[in-house]
Amino acid sequence: MKKTDLLIIGAGPAGCSAAIYAVRAGLKTIIAGGAMPGGQLLQTNDIENYAGFVNPVGGYELMDNMLKQCKRLGVEITTDQIVKLSGTKTPFTATAAGGETYEATAVVIATGASARWLGAPGEDKLRGHGVSACATCDGFFFKGKNVVVVGGGNTAFEDALFLSKICPSVTLVHRREGFRADAVTVEKVKNTPNIKMKLNCVVDEVLGDGKVTGARLKNVQTGAIEEIACDGIFVAVGAVPQTGWLKDSPVELDGAGLVKVNYKQATNIDGIFAAGDCTEPEFRQASIAAGTGAKAGISAAAFVNLHK
Ligand SMILES: Cc1cc2nc3c(=O)[nH]c(=O)nc-3n(C[C@H](O)[C@H](O)[C@H](O)COP(=O)(O)OP(=O)(O)OC[C@H]3O[C@@H](n4cnc5c(N)ncnc54)[C@H](O)[C@@H]3O)c2cc1C
């Protein structure tokens, strides 16, 4: 069993940032980073909206730097995938898939989220070549191009509005006629001349060889098929928080599976904190994950110093 002041579960921007604050506050800090130390940013090439970089920084480079920064400061990083977190008061026990166990005075959960995809043929091979799950991240690379947004919630509608400012035409594809998005946002979209809607439609296939050239749409009511030309497809049908492993733990999740936290990133269990995309219903961005990670690290350090 490994004993530590703080165990951070997850090695994305939230986990790394929490670790930097905790280790600099004097805590023995271990990150169990699972199968993907570095997190979701490893899946992207150019990041242009993380402050501090004049030119776009690669996702791998940014996360490699964060992990190296953690190590330089004395954080131990493992690739253990945590499958169980037990205890309703400090110290807590975490068990990894390989059998390793950790005993920690405090815990930060930073296991992130993964985008929900459509599952349409062509989508997988064209991810990163015109298929994206993040308009805020990748929209700028489609300036002057025609794009499709898929979804019927606030994210899809906000994405369509955002893209309509830089793209000549945006087609919003939604499988129903009703929307989950706020009425005000729906009205804005309806009043934007370069956004058109294809309702009762699903993307039947993403078209393109090496890069996206179009989408084949299927009307779910009539079965009619239509092909539209486009350069990018933004999938905005939600994200899945990586919190399934917490289902038998005492940590409270909301209906969507997000870890419930207060403004100090504290969960319902005193001494267990959470940060980043696994807590975030809307603003899934690296700088926000790093910011909430910093709060979790500071809160965890205060907790450990009280309980040492
Ligand atoms: C393709 C793509 C492009 C993006 N581009 C941008 C961009 O340009 N700008 C931007 O700001 N944001 C971007 N994002 C969003 C950004 O990546 C996320 O908001 C951010 O990574 C969230 O950080 P996180 O630390 O909360 O979680 P993640 O980055 O998801 O990291 C989660 C970590 O938890 C680990 N983990 C999961 N489960 C377990 C477990 N049970 N035990 C141990 N470890 C576990 C994983 O291995 C990983 O290390 C992009 C996302 C994607 C997918």
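A short reminder: the numbers here are calculations on the coordinates, not readings from a lab. What you see is a predicted model, and the numbers here were worked out from it, not measured in a lab. We place every Cβ from the backbone using ideal geometry, glycine too, and count neighbours over all the protein chains shown.
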Review point. HN-Hα J couplings of the range 97-107 from phi, Karplus 6.51/-1.76/1.60, θ = phi - 60°, integer Hz, Gly and Pro as x?
Key: 4, x, x, 4, 10, 10, 10, 10, 5, 9, 9
Study note, to complete from the structure: At q = 0.13, 0.19 1/Å the base-10 log of I(q)/I(0) from the Debye formula over the alpha-carbon atoms of the range 1-140 is -0.63, -1.06
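Report, in order of residue number, the helices in the chain meeting two criteria: a C-alpha extent of 20 Å or more along the helix axis, and a mean Kyte-Doolittle hydropathy of at least -1.0; treat each whole DSSP H run as one helix. Please list the in-between numbers first.
On the way: long enough: 59-73 (21 Å, -0.69); 286-307 (31 Å, 0.91).
Membrane-span-like by this rule: 59-73, 286-307.
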Check your understanding: Under a Cβ-Cβ cut-off of 12 Å, what is the net charge of the residues other than V23 that fall near it, where Lys and Arg count +1 and Asp and Glu count -1?
Key -> +2
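What does the charge count near K3 come to, summing +1 for each Lys or Arg and -1 for each Asp or Glu among other residues with Cβ under 9 Å from its Cβ?
0
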Point to revise | Integer Hz, Karplus 6.51/-1.76/1.60 couplings in order for the range 232-248, x for Gly and Pro | key: x, 10, 9, 8, 10, 10, x, 9, 10, x, 7, 10, x, 5, 8, 4, 9
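Contact order normalised by length for the range 154-222, with contacts defined as Cα pairs under 8 Å and 6 or more residues apart; what percent is it? Display every interim value, and only then the final one.
Details: 99 pairs, mean separation 20.7, N = 69.
Once divided by the residue count of the range 154-222, the mean separation gives 30 percent.
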**Study point:** Estimated vicinal HN-Hα couplings, Hz - the range 260-273 in sequence order (Karplus 6.51, -1.76, 1.60; Gly, Pro = x)
**Key:** 7, 9, 9, 5, 8, 6, 7, 8, 6, 9, 4, x, 10, 10
Review point. Once you measure Cβ to Cβ distances between cysteines in the chain, which Cys have no partner under 4.7 Å?
Key: C16, C70, C167, C201, C230, C278
Exercise for review: Please compute the net charge surrounding G33, taking Lys and Arg as +1 and Asp and Glu as -1 over other residues with Cβ under 11 Å from its Cβ.
Suggested key: -2
Review point. Using the alpha-carbon centroid of each, what span in Å lies between the range 128-203 and the range 248-286?
Key: 28 Å
Practice item. For the chain, with a Gaussian network of springs between Cα atoms less than 10 Å apart, report the residue from T292, T192, T95 with the top mean-square fluctuation. Key: T192
Exercise for review: Please arrange R175, R116 by counting, for each residue, the other beta carbons lying within 10 Å of its beta carbon, fewest first.
Suggested key: R116, R175
**Study point:** Translational D in µm²/s for the range 74-170 (Stokes-Einstein at 10 °C, 1.306 mPa s, Kirkwood Rh from C-alpha pairs)
**Key:** 93 µm²/s
Revision key, fill the gap. Assertion target for V83, V184, V189, V54, ordered by fewest C-beta neighbours within 10 angstrom first, is V54, V184, V83, V189
Revision key, fill the gap. Under 5 Å from the placed amide H of M197, counting only residues 5+ away or on other chains, we find L172
Practice item. Quick one: plug the Kirkwood hydrodynamic radius of the range 131-235 (C-alpha pairs) into Stokes-Einstein at 4 °C, 1.567 mPa s, and report D in µm²/s. Key: 96 µm²/s
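Among S86, S249, which comes first, second and so on when ranked by fewest other beta-carbon atoms within 10 Å? Each step should come with its number before you reach the end.
Values: S86 12, S249 20.
Sorted ascending by nearby Cβ count, the order is S86, S249.
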**Study point:** Per residue Cα convex hull volume in Å³ - calculated over the chain
**Key:** 138 Å³
